[in-house]
Amino acid sequence: MRHLLAAMCAAVMASPALAFVPQDGALGFQPAATRIAERIHVFHHFVLIIIVLITLLVLGLLLWIIMRHNRKANPVPKKFSHNTLIEVIWTVVPALILVAIASQSFPNLYYQDVVPNLQQITDKSDKMIADGKTAQQERFAKDYYPEAAEKGFVNVKAQGNQWNWTYTYPDLVDDSGYPLEFVSNPVHVGISADADNYAGATGRTDFASKPRNLGVDYPMVIPEDRFVRYYTAAADVIHSWAVPAFGVKTDAVPGRLNEGWFLVEEPGVYYGQCSELCGVNHAFMPIEVRVVSQAQFDSWAELMLAGDYEAAYATVDVFASNEQATQFAAKQ
């Protein structure tokens, strides 16, 4: 009864779920939900400008050559095979372009690949504040979130199976010392009985609202404004845990434990899919991540550890009303 009341209270004090889903006919990336994704978008736009300029230059050269150096304009062709200046230019300029791209690419690769040292982040931020380097500290905080670093990591393991995900929270343990672990199954598997099977397994009637090939029965849940360190592995073949709005994609390899990190500031529902060809049902292996308030996350974890999965799902099926959620809704 206590668990049911907790779920009912969360539903009363809540607002509609805010979902990031692919849009038909959309151009570009999904909106960035993490600093990792924001930096990827900035890098993409930077490289896109370079590509456009190179394309226009090559097009202009082709048109110039066609107009100025055709048979009609030059009935007697000139005979030469080398031009030192041109050869220097087409060697040096591409090299400089690659250096410019690398100067932006390498820092981003390091930022997203290396899991942050939270103690170092906190110490560095405190030192900047003590030294009066306010502007420098603000720039540092934009990338490294010192306030979130003080709260520590939320650790999650995502194991790929044919064809679903098993999520394990090693820091959330029950009275017997076992960590929270559950299987996240796809709602759609490409058969006519999908709706009946989903209703029979969960007792829910919201099948029609689930995005096609993206919805799951029990999603991964994480709190907002927290560093999330995720680990990936696989039980059978290579899978890949990927959420476009987070800017993360990490292979899940049998016999190997890979890791990554992200931090999401906005509450909402974020979707992804296995991004590695993993067998006949590869298209039906979605990822659903729900980002909720810390209070909701704590309630969800308590109910999950108690084995009341449906009550736990009800606590994160809606999002607690707060200023941040309101601002997020206004952006959509």
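Filtering the stretch 234-269 to residues that are open to solvent by 50 Å² or more (accessible area, probe 1.4 Å), among the hydrophobic types (A, V, I, L, M, F, W, C) and within 21 Å of Phe153 (Cβ to Cβ) leaves only Leu257. Scanning the stretch 201-218 for residues that are outside any loop (DSSP other than H, G, I, E, B) and among the charged types (D, E, K, R) returns no hits.
Would you check if Glu259 is modelled with pLDDT under 95 and either among the charged types (D, E, K, R) or touching a His at 6+ places or on another chain (Cβ under 8 Å) (or both)?
The answer is no for Glu259.
In this entry, Trp300 is excluded by the filter for residues that are in a strand (DSSP E or B) and hydrophobic (A, V, I, L, M, F, W, C). Here is a list: Leu62, Leu53. Which entry is aliphatic (A, V, I, L, M), open to solvent by 100 Å² or more (accessible area, probe 1.4 Å), assigned to a helix (DSSP H, G or I) and free of Cβ contacts under 8 Å to residues at least 12 places away in the same chain? When all the criteria are applied, what remains is Leu53. Looking only at residues in the stretch 65-81 that are among the β-branched types (Val, Ile, Thr) and either open to solvent by 90 Å² or more (accessible area, probe 1.4 Å) or within 25 Å of Ile101 (Cα to Cα) (or both), the one that is nearest to the chain's Cα centre (by Cα) is Ile66. Within the stretch 1-40, can you find the residues that are at pLDDT below 50 and assigned to a helix (DSSP H, G or I)? Arg2, His3, Leu4, Leu5, Ala6, Ala7, Met8, Cys9, Ala10, Ala11, Val12, listed by residue number. Has the stretch 188-195 got at least one residue that is open to solvent by less than 20 Å² (accessible area, probe 1.4 Å), assigned to a helix (DSSP H, G or I) and farther than 17 Å from Ala37 by Cα? For the stretch 188-195, residues open to solvent by less than 20 Å² (accessible area, probe 1.4 Å), assigned to a helix (DSSP H, G or I) and farther than 17 Å from Ala37 by Cα: present.
Touching a residue at least 24 places away in the same chain (Cβ under 8 Å), touching a Lys or Arg at 6+ places or on another chain (Cβ under 7 Å) and either within 26 Å of Ile40 (Cα to Cα) or open to solvent by less than 20 Å² (accessible area, probe 1.4 Å) (or both): is that true of Val221 in this structure? So Val221 fits the description; yes. Against the definition (surrounded by 10 or more Cβ atoms within 10 Å (Cβ to Cβ) and either modelled with pLDDT of 95 or more or not aromatic (Phe, Trp, Tyr) (or both)), how does Thr84 come out, yes or no? No; evaluated as a whole, the condition is false for this residue.
The values are calculated or read from the model by the stated rules, or taken from the named source; none is laboratory data. Given the structure is predicted, the values throughout are model-derived calculations rather than measurements. Ideal geometry is used to build each Cβ from the backbone, glycine not excepted, and the neighbour counts take in all protein chains shown. Note: accessible area is taken over every heavy atom of the protein model, side chains too, but ligands, DNA and RNA are not part of it. Shrake-Rupley method; radii C 1.70, N 1.55, O 1.52, S 1.80 Å.
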